[in-house]
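Written out below as structure tokens is the structure these notes cover.
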2 protein chains.
Amino acid sequence: MASPEFPSLERSLEEHLPPDELRNVRRILLGGEPRKLSLPAEALAAASELDFELAAFGFEAAEEQLRPARLVRVGLVQNRLPLPPCAPVAEQPCPLLSARGRSCPGPSSPSPRRTGPPPGCAKGWPGRTGWWWCRPSWSGTRPTGTSCGTRPWWCPAPAPSWARAARTTCPAWGTSTRRAGGGRGEGRGGAGAGRGGAQRPPFPQATYYMEGTLGHPVFQTPFGRIAVNICYGRHHPLNWLLYSLNGAEIIFNPSATVGALSEALWPIEARNAAIANHCFTCAINRVGVERFPREFTSGDGKPAHRDFGYFYGSSYVSAPDGRRTPGLSRTRDGLLVAELDLNLCRQTGDIWNFKMTGRLGMYAEELTAAAQPDYRPHIVKE
Amino acid sequence: MASPEFPSLERSLEEHLPPDELRNVRRILLGGEPRKLSLPAEALAAASELDFELAAFGFEAAEEQLRPARLVRVGLVQNRLPLPPCAPVAEQPCPLLSARGRSCPGPSSPSPRRTGPPPGCAKGWPGRTGWWWCRPSWSGTRPTGTSCGTRPWWCPAPAPSWARAARTTCPAWGTSTRRAGGGRGEGRGGAGAGRGGAQRPPFPQATYYMEGTLGHPVFQTPFGRIAVNICYGRHHPLNWLLYSLNGAEIIFNPSATVGALSEALWPIEARNAAIANHCFTCAINRVGVERFPREFTSGDGKPAHRDFGYFYGSSYVSAPDGRRTPGLSRTRDGLLVAELDLNLCRQTGDIWNFKMTGRLGMYAEELTAAAQPDYRPHIVKE
């Protein structure tokens, strides 16, 4: 992994590359020059005062003859835990929501093709119109074996935050909810839209949560069709595909992942999913180090330790045509706003046609065979 | 896309970033600092004389208690067509093979853990031991509608090159073979090992070639288990997965793809496949512009043109742990050698366990349903 203190790949390039080389490098790295949205001075001042990064980009699509642009904005909130990880669960969300909730004005300029706010966006968080937001869950991401004094390491989704969210926003959540006798990872999409099961709880929770049994549901919201592929689920291309086959236009991946383990994978997986499935994907990680009062081990032969590693942030949004936003920093809290024209999903599909050229029937047959205990791999020998 | 004349992302970074920033940037971009293999002066001189790029990297694995290192070397040959694309088919391969075949010595140093050449490597191309090579096919990549004077645009795999290859090397081929009444895209793995069908011929050939019906075979060779995912097949994560489920340790993706269309996708897809499937992947593209004597159109509403676009090279190798080599340049012929310890496949699987955590049975059921014409997507409405 890069050093924990290394703030940002993109910033490093901006500081050192000559303009024409920077342009070429960004085109290769980001798939194009992302369109920056202008931010009002009020928003920038709030970000400065509250010490968080604020960035906003737009993904345009071509004008269509029969459909107007379908513009929505998503907001990806990347944060460190506002309190130590073993602070009472009920107290965890409040500092974040109260500190940031009042003061994150959005981009000022409606885009040229935007004729009004997207439908159903009257209620926004944080107090503005038309933002979805998605953040790593506070709960369900404690390393196995961690014990916070007398508290259990698992943290049921705190009622206050759920209630607050339900009142004020159309959130996409990824969390792990403990129930009597165990629990399952869950994603929620849109206030009241429903929930879907995590396809595989992240490894530290594998002994606490069972795999979901709810399939790959997609939530039809006033903003579009969204899905939540929780954390570890990003490693499996089939999860993204199945959400896409159910119609997802935006798939959120709320994650909590650390450098030495996954930083080589992070910029690749969600972006590949956007490409392969003609949809937008939102990859959200948190930042910083979380220290626990008691030592634990990670089963990797290394010494016992009190933190899980460095959460490297770097949240980003990918578009169906392979473009992506720069990442938020590796070191700071941040809010990444992206304006998406959902028409780009079908437009990209019309060019590449992966939904047509993917041979679902053949894949299904081969997978069905491969899932059998007596499967014999198709190996041709000389 | 980046400008056609922009040679290399990696070179630009090396030239302009301070050393410590370069190290951090490379760790993020490449997933680590790849180990450079030392090249003998003889090889470097040959590359200079013959004007091609020569680079060599190694992916080590941890020592194991029960298995020795399984070192193999792959060679990715990236080239522009040596003759104009409408030169006689039989003449196409000869200039390349004859110019380069005599003079590409490999890396000099056996790695510290290497105790000898890998088994079965006595016959090598180009005249050395232990290289696999894989290059974009000469045939089957002409844009639809191109007509080369009185010659048909399709180019059956030239007999001389097949014969030469069969005599001298253990190649992995991707090509499109025309047969009476049509043809199918094919991959061949290892001399005589067999062949497998392209899962989907690239779009320009879609009216000339049918999809393959041979499934996703893997070729057991003396070098390890390899597969060939031809060109367009890289866009479908299921192709990579099914080759992997059949045991592939290295999957080659011989491609011919141009900038405006796919450069945003190129560094992502094969690398994601290596990550998701705990295997090595080799992405090979060719370079340059190929001009045809007659105009053709690409069905995109743009003016008729005489070339298909800029083939941007950038061939690379990805490892199962998410690391990758720097790419070959965007502008020059090149040979990229990578020394792979195939033990890294299982070692990475032991850490991430995607083969275990992927829910094949559930995916198979959902895909089977989704492949039906009356499938109703699983959409939850508010």
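Values quoted throughout were computed directly from the atomic coordinates according to the rules given, and no laboratory measurement underlies them. From a predicted model like this one, the values you see are computed outputs, not experimental measurements. Don't worry about glycine lacking a Cβ; one is built from the backbone with ideal geometry, like all the others, and counts go over all protein chains shown.
Put in line by how crowded their Cβ is, counting other Cβ atoms within 10 Å and starting with the fewest, A:S12, A:S314, B:S38 read B:S38, A:S12, A:S314.
When the Cα positions of A:H378, A:L360, A:H305 are compared along the charge dipole of the stretch A:254-382, A:H305 comes out farthest toward the positive end, with charges on each C-beta of Lys, Arg, Asp and Glu.
Taking neighbour Cβ counts within 10 Å as the exposure measure, how do B:H216, B:H305 sort from fewest upward? Before the final figure, lay out each step's value.
Working: B:H216 29, B:H305 14.
The order, fewest Cβ neighbours first, is B:H305, B:H216.
Mind giving me the FRET efficiency for A:K302 and A:R11? R0 is 51 Å, r the Cβ-Cβ distance, nearest 0.05 is fine. Intermediate values should be presented prior to the final figure.
Working: r = 31 Å, r/R0 = 0.61.
It comes to 0.95.
Counting neighbouring Cβ atoms within 10 Å and putting the fewest first, the residues A:V317, A:V89, B:V72 line up as A:V89, B:V72, A:V317.
Evaluate the stretch B:278-361: find the radius of gyration of its Cα atoms, find its Kirkwood radius, and give the ratio Rg to Rh.
Using only Cα positions, Rg/Rh for the stretch B:278-361 is 1.20.
Against the empirical curve 2.2 N^0.38 Å, the C-alpha radius of gyration of the stretch A:292-340 lands at a ratio of 1.73. In whole angstrom, the stretch B:208-330 maps to an equivalent ellipsoid with semi-axes of 29, 17, 12, each derived as √(5λ) from the alpha carbon gyration tensor and ordered largest first. The C-alpha radius of gyration of the stretch B:247-286, expressed as a fraction of 2.2 N^0.38 Å, stands at 1.19. Give the Rg/Rh ratio for the stretch B:3-66, taking Rg as the radius of gyration of the Cα atoms and Rh as the Kirkwood radius, to two decimals. Checking Rg against Rh, the ratio lands at 1.07. The mean number of partner chain beta-carbon atoms within 10 angstrom of a residue's beta-carbon across peptide B:213-220 is 4.
Note on A:I379 and B:S38: the model spin-label points, each 7 Å out from Cα along the C-beta direction, lie 3.7 nm apart.
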